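Taking it in order: structure first as C-alpha cells, then the write-up.
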Amino acid sequence: VQLQASGGGLVQAGGSLRLSCAASGLTFGSYRMGWFRQAPGKEREFVSVMYWPSGATYYANSVKGRFTISKDSAKNTVILQMNSLKPEETAIYYCAASELRGINYDASAYGYWGQGTLVTVSS
C-alpha cells in the first residue's frame, strides 16, 4: 500500500487549503482513509476519516463545520477541504489508511501512512 499526500502550503488565518491523498495497493473490501496532524512538540492527533465503501465520515470536534472529507472513488483518492484555518492548526498533515480494526481516531490503529504534507497558517 502506498499513500501519496499533496496540497499543503502557506495560508493566512481564515484561509483555505485542499489536501489530497492518492492510494494504491488497497485491496481490502472495506477500509478507511483519513488524516492526522502533528504540530511541533505535540502528539499526532486525529483530524478526519472516511470509510470505504459506506462513505461514512468522522471529524475531530475541533474541525467540525470547517473541514470536509470526501473521496474520488475513480482515483482512489481522499480529499480534505480545510476552511477557516487557524494559526494553531499549523502542522504536518499525514494521510493514513487501515483495515477496519481499532478505534478510528487512534493513530496506532492505522497501518499505512503517507509522507506528510506541511500546512502553515500565518496570523
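Structure values in brief
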| item | result |
| --- | --- |
| Selection count where residues are surrounded by fewer than 17 Cβ atoms within 10 Å (Cβ to Cβ) and either under 14 Å from residue 105 (Cα atoms) or among the acidic types (Asp, Glu) (or both), scope region 26-43 | 2 |
| Those residues of region 1-23 which are farther than 17 Å from residue 97 by Cβ and of a type outside the set (Gly, Ala, Ser), in sequence order | 10, 11, 12, 17, 18 |
| Residues within region 107-123 that are within 17 Å of residue 57 (Cβ to Cβ), assigned to a loop (DSSP other than H, G, I, E, B) and open to solvent by 20 Å² or more (accessible area, probe 1.4 Å), tallied | 0 |
| Residue in region 51-68 that is open to solvent by 60 Å² or more (accessible area, probe 1.4 Å) and either touching a Ser or Thr at 6+ places or on another chain (Cβ under 6 Å) or among the hydrophobic types (A, V, I, L, M, F, W, C) (or both) present | no |
| Qualifying residue in region 50-65 (condition: outside any strand (DSSP E or B), free of Cβ contacts under 8 Å to residues at least 40 places away in the same chain and of a type in the set (Lys, Arg)) | yes |
| Selected residue [more than 22 Å from residue 103 (Cα to Cα) and of a type outside the set (A, V, I, L, M, F, W, C)] from 32, 37, 66, 44 | 66 |
| Restricting region 6-20 to residues that are open to solvent by less than 50 Å² (accessible area, probe 1.4 Å) and assigned to a strand (DSSP E or B), the residue that is farthest from residue 74 (Cα to Cα) | 11 |
| Set 74, 23: member being modelled with pLDDT under 95, buried (at least 17 other Cβ atoms within 10 Å of the Cβ) and under 18 Å from residue 1 (Cα atoms) | 23 |
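The values are calculated or read from the model by the stated rules, or taken from the named source; none is laboratory data. These figures come from a predicted structure and were not determined experimentally. A quick note on method: Cβ atoms are made from the backbone with ideal geometry, for glycine too, and the neighbour counts reach across all protein chains shown. Surface accessibility is based on the protein's heavy atoms, side chains included, excluding ligands, DNA and RNA. Shrake-Rupley method; radii C 1.70, N 1.55, O 1.52, S 1.80 Å.
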